[in-house]
Amino acid sequence: LLDHDPSAIFQRIGDRITVTARDPATIFLQRGDPEASWRAYERALRVRHPDPGPAPGPRLRSTLMAVEYCTWCEQKWLAEEAGRQGMPGAVAMLDHGFVLDYLERIDRLGLPPGVVTLDHGWSEGASSFRFDEIVPDPVRFPDLGATAQAIRSAGHVPGAWLAPAFLWPDHPLFA
């Protein structure tokens, strides 16, 4: 989608994915070479949402323009395949081994380097939906540095999903 649409519905029916959005013009679809498709999507986003601010430096610009491989969709899909429904199932899927498998699939598909974002499940308290714990889950990621290094070694930039918007204003993180 080219615009944020919380009412959008993504549905898998057999081997097809259908997308329903309030404004069908926000749906981007391009078949063919995956890298060319990502680049076309990035261009379409920049045209639809021009950045009025000052240009970022080259290192930040290359990170911001990189393809993002967020683990959440893969977590949800694998949870569904394993018969684990909803957010708890998706959270339970994410661990160091999951990330290594995900990196291997990205490489096998010949997709370009990008940012690999570990989504909900990497931090302690994720399975109880506590968003204020920003330390690695010691069971799922006993050595988060090793996971980050595996991501770097595969040619990507490591990233981590955080949700400070779910915290109360008086939370110690905001002190």
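Here are the numbers for this structure:
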read-out	value
Matching option when the condition is within 17 Å of the chain's Cα centre (by Cα), modelled with pLDDT of 75 or more and open to solvent by less than 60 Å² (accessible area, probe 1.4 Å), among Leu100, Leu118	Leu118
The lone exception for Thr71 - which of (1) within 13 Å of Val115 (Cα to Cα); (2) at pLDDT below 70; (3) surrounded by 12 or more Cβ atoms within 10 Å (Cβ to Cβ); (4) of a type outside the set (D, E, K, R) it fails	(2)
Where a residue in the stretch 142-161 is surrounded by 13 or more Cβ atoms within 10 Å (Cβ to Cβ) and its partner, wherever it lies, is of a type in the set (Phe, Trp, Tyr) and assigned to a helix (DSSP H, G or I), with Cβ under 8 Å and at least six apart	Trp161/Trp72
Residue match in the stretch 30-42 (condition: of a type in the set (A, V, I, L, M), closer than 25 Å to Val157 by Cα and at pLDDT 80 or above)	yes
Those residues of the stretch 99-115 which are in a helix (DSSP H, G or I) and touching a residue at least 40 places away in the same chain (Cβ under 8 Å), in sequence order	Val99, Leu100, Leu103, Ile106, Asp107
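The values are calculated or read from the model by the stated rules, or taken from the named source; none is laboratory data. Only a predicted model underlies this, so the values are computations on that prediction, with no experimental measurement involved. For neighbour counting, all protein chains shown are included, and Cβ atoms are generated from backbone atoms with ideal geometry for every residue, glycine included. Side chains are part of the model used for accessible areas, which takes the heavy atoms of the whole protein and leaves out ligands, DNA and RNA. Shrake-Rupley method; radii C 1.70, N 1.55, O 1.52, S 1.80 Å.
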